[in-house]
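Here's the structure, in structure tokens; my notes come after.
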Amino acid sequence: MPFVDANGVRLYYEEVGSGEPVIFVHEFGGDLSSWELQMRRLGRNFRCLAFNARGYPPSDVPLEQSAYSQALASADLAHFMTALGIDSAHIVGLSMGSVTTLDFALRHGSRARSITLCGCGYGSIASERDAWLASNSVLAEGISTDIAQAVRSYANGPTRLPYRKKDPRGWQAFLDQMLRLNPLGASLTLRGIQAKRPSLYELAEGISALPMPAMIVVGDEDQPALEPSLFLKRTIPDAALWVFPRTGHAVNAEEPELFNRTLLEFLVSVEMGRSEPTAPRVA
């Protein structure tokens, strides 16, 4: 198994293809296997890499709560790239992974050739934040005590139902993967990363100065991410927004053909220098 050392934590990874690197950063409810359909398709044109975050075996599972934070997650990505000799890459993240991607861009902007933010911004809307934090706490406790029940409840949430309806086999594979989560790593991730990261709106000044092209992808039935995605579109200078119809949270898994085509076109446009800053808003 291939591993890299990221600041004392071993991260398991897989890669395929050659050319400009594209790094996929997974969501809370997934791992690197969540990107399998993207690795297969984009690996024909790019050097594609995906890794399991700390807390997700076979990557290491640190035992202390202090070993889990948004800053550490972004640092892990930077160390991962450095260990593999990658100066800069296209970074693609989903949900928790999209926030890590955004935070990495804010901290290490010159190392991101582009960023793709999918289902980004849960917990950012002020009127919904307390409820989101409460549900996050309930999930963390549930995973610690009865992971099977907690995961089944999570996988049947409203933003996952479109996936279950349109692709029962794919949704079942997602559920099965979640059932294999490490309870300690998952609960510490929820408490240390998810619950403590800031709202996107608190980061507006830094986001408005991002220098790289960005693609924002959201499903129209992913309610907690719709408004934050529009905020990102309006705030990042060079940003494109794709809204997938009748789609929930895991856009890359629910609509893999549409997602792969959209992502590939975006990456090629960046490589060819065709990406341009958003036009000024008309008064």
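The values are calculated or read from the model by the stated rules, or taken from the named source; none is laboratory data. Predicted, not measured: the structure shown is a model, and the values here were computed from it. Neighbour counts are summed over all protein chains in view; Cβ atoms, including those assigned to glycine, are modelled from backbone coordinates with ideal geometry.
Just one of the listed residues (163, 201) is in a helix (DSSP H, G or I) and either under 13 Å from residue 29 (Cβ atoms) or touching an Asp or Glu at 6+ places or on another chain (Cβ under 6 Å) (or both), and it is 163.
Set side by side, the residues 140, 150, 134 differ, and just one is small (Gly, Ala, Ser), surrounded by fewer than 19 Cβ atoms within 10 Å (Cβ to Cβ) and either out of contact with any Gly (no Cβ under 8 Å at 6 or more places or on another chain) or part of a helix (DSSP H, G or I) (or both), which is 134.
Within region 210-227, can one find any residue that is farther than 14 Å from residue 114 by Cβ, without any contact (Cβ under 8 Å) to a residue 40 or more places away in the chain and under 17 Å from the mean Cα position of the chain (by Cα)? Looking through region 210-227, at least one residue is farther than 14 Å from residue 114 by Cβ, without any contact (Cβ under 8 Å) to a residue 40 or more places away in the chain and under 17 Å from the mean Cα position of the chain (by Cα).
Would you say residue 209 is assigned to a helix (DSSP H, G or I) and not charged (D, E, K, R)?
Considered against the rule, which asks whether it is assigned to a helix (DSSP H, G or I) and not charged (D, E, K, R), residue 209 comes out as no.
Within region 12-36, how many residues are part of a loop (DSSP other than H, G, I, E, B) and touching a residue at least 60 places away in the same chain (Cβ under 8 Å)? Qualifying residue count for the region: 7. Any chance region 221-230 includes a residue that's touching a helix residue (DSSP H, G or I) at 6+ places or on another chain (Cβ under 6 Å) and either at pLDDT 95 or above or surrounded by 16 or more Cβ atoms within 10 Å (Cβ to Cβ) (or both)? Yes, region 221-230 has at least one match.
Does residue 172 count as out of contact with any His (no Cβ under 9 Å at 6 or more places or on another chain), assigned to a helix (DSSP H, G or I), polar (S, T, N, Q) and free of Cβ contacts under 8 Å to residues at least 60 places away in the same chain? Quick ask: steps written out before the conclusion?
On the way: out of contact with any His (no Cβ under 9 Å at 6 or more places or on another chain): yes; assigned to a helix (DSSP H, G or I): yes; polar (S, T, N, Q): yes; free of Cβ contacts under 8 Å to residues at least 60 places away in the same chain: yes.
Against the criterion (out of contact with any His (no Cβ under 9 Å at 6 or more places or on another chain), assigned to a helix (DSSP H, G or I), polar (S, T, N, Q) and free of Cβ contacts under 8 Å to residues at least 60 places away in the same chain), residue 172 qualifies.
In region 37-57, the residue that is surrounded by the fewest Cβ atoms within 10 Å (Cβ to Cβ) out of those that are in a helix (DSSP H, G or I) and out of contact with any Pro (no Cβ under 9 Å at 6 or more places or on another chain) is 40.
Does at least one position in region 256-265 carry a residue that is touching a residue at least 40 places away in the same chain (Cβ under 8 Å), among the β-branched types (Val, Ile, Thr) and surrounded by fewer than 16 Cβ atoms within 10 Å (Cβ to Cβ)? Talk me through it step by step, then tell me what you get.
At the first step, the residues of region 256-265 found to be touching a residue at least 40 places away in the same chain (Cβ under 8 Å) are 256, 259-260, 262-264.
Next, from what is left, pick out any that are among the β-branched types (Val, Ile, Thr): 262.
From what is left, the residues that are surrounded by fewer than 16 Cβ atoms within 10 Å (Cβ to Cβ) are none.
No, there is no match, as no residue in region 256-265 is touching a residue at least 40 places away in the same chain (Cβ under 8 Å), among the β-branched types (Val, Ile, Thr) and surrounded by fewer than 16 Cβ atoms within 10 Å (Cβ to Cβ).
For region 155-194, filtered to residues that are within 26 Å of residue 102 (Cα to Cα) and loosely packed, with under 15 Cβ neighbours inside 10 Å, the residue that is farthest from the chain's Cα centre (by Cα) is 184. Taking region 105-126 as the range and being farther than 22 Å from residue 222 by Cβ and either in a helix (DSSP H, G or I) or touching a Lys or Arg at 6+ places or on another chain (Cβ under 8 Å) (or both) as the test, the residues that pass are 106, 107, 109, 110, 111. Report whether or not residue 195 is within 22 Å of residue 257 (Cα to Cα) and touching a residue at least 40 places away in the same chain (Cβ under 8 Å). Criteria not met by residue 195.
Does region 175-191 contain at least one residue that is among the β-branched types (Val, Ile, Thr), outside any loop (DSSP other than H, G, I, E, B) and at pLDDT 95 or above? Within region 175-191 (the criterion being among the β-branched types (Val, Ile, Thr), outside any loop (DSSP other than H, G, I, E, B) and at pLDDT 95 or above), the answer is yes, since at least one residue qualifies.
Hey, could you check region 71-88 for residues that are touching a helix residue (DSSP H, G or I) at 6+ places or on another chain (Cβ under 6 Å) and surrounded by 20 or more Cβ atoms within 10 Å (Cβ to Cβ) and say which is farthest from residue 19 (Cα to Cα)? Ranking the qualifying residues of region 71-88, first place goes to 73.
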